[in-house]
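Visitor: Next up is a structure, given as structure tokens.
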Amino acid sequence: MPLTACHPSFGQRGFTLAEMLVVVLIVAVIASIALPTMQPVLTQQGALVASEAANVLRFAVGESRRTGRFILVDGRTQPGHLRLYYSNASADVPPTAGTAEVIDPLTKRALDFEPTLGGLANGTTLTVQFRAASAPRTQLLIYPNAAALHAFDGAGSDLGALESGSGLVLTGPAGTQAVGIHEITALVTLP
């Protein structure tokens with residue numbers, strides 16, 4: 001029986017190394033063009049999340065003025081979240097008598113801000129920095145009618161009046177965004 005060369009039939013032939021390298025090169029070129037164009041999108045998402053965080057603080061100040069009640073801005077109970085409660089001078093949270101969750105007027109649910117909700121800013125972390133006694137604290141108590149702002153680290157732990165440099169820090173793929181709250185006027189600012 002004579003030896004014959006084995007030729008693969010149609011459909012059984014694989015890719016050569018050269019063909020694979022060409023495909024990898026094309027994907028690399030497309031990625032190098034597409035990735036820089038994604039940076040503005042990430043920056044816009046970071047700014048949007050910072051704006052939402054600022055709106056939560058503005059809403060808390062407005063709610064204190066509207067209702068004449070203590071409002072607790074809580075970043076301690078669930079790290080990475082910002083929750084609002086109707087509270088008292090001791091910064092108690094529910095189920096303590098006279099306290100309740102602040103209801104978001106849009107969703108009709110307890111107001112709970114989480115920067116990664118809905119995947120908008122995936123990988124964004126929230127750090128609460130309400131400063132008092134020269135250190136960051138995790139809770140802010142807004143007195144009735146926004147007459148005073150005090151930092152707390154748990155119920156009954158009034159650490160004094162809010163100091164300058166207080167606010168929220170959002171860190172994500174687009175960098176770091178800060179949301180400030182003025183220690184006297186309660187004005188919420190974005191850089």
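Visitor: Quick one: what pairs do we get from segment 70-95, first residue within 10 Å of Y143 (Cα to Cα) and at pLDDT below 90, second of a type outside the set (V, I, T) and buried (at least 24 other Cβ atoms within 10 Å of the Cβ), C-beta under 7 Å, 6+ apart or different chains?
Guide: Here the result reads none, with nothing in segment 70-95 linked to a residue that is of a type outside the set (V, I, T) and buried (at least 24 other Cβ atoms within 10 Å of the Cβ).
Visitor: Quick one: which of A121, A161, A151, A135 is modelled with pLDDT of 90 or more, of a type in the set (G, A, S) and farther than 19 Å from S64 by Cβ? Walk me through how you get there before you give the answer.
Guide: On the way: A121 fails: modelled with pLDDT of 90 or more; A161 fails: farther than 19 Å from S64 by Cβ; A151 fails: farther than 19 Å from S64 by Cβ.
That would be A135, the only listed residue that is modelled with pLDDT of 90 or more, of a type in the set (G, A, S) and farther than 19 Å from S64 by Cβ.
Visitor: On to the next question. State all residues of segment 133-149 that are within 20 Å of V169 (Cβ to Cβ) and surrounded by fewer than 23 Cβ atoms within 10 Å (Cβ to Cβ); if no residue qualifies, say none.
Guide: Residues satisfying the conditions are A133, S134, A135, P136, T138.
Visitor: Okay, moving on. When you go through (1) buried (at least 16 other Cβ atoms within 10 Å of the Cβ); (2) in contact with a strand residue (DSSP E or B) (Cβ under 7 Å, 6 or more places away or on another chain); (3) over 15 Å from L82 (Cβ atoms) one by one for A161, which number turns out not to apply?
Guide: (1)
The values are calculated or read from the model by the stated rules, or taken from the named source; none is laboratory data. All figures in this text were calculated on a predicted structure; none of them were measured in a lab. FYI the Cβ positions are ideal-geometry reconstructions off the backbone, even for glycines, and counts take in every protein chain you see.
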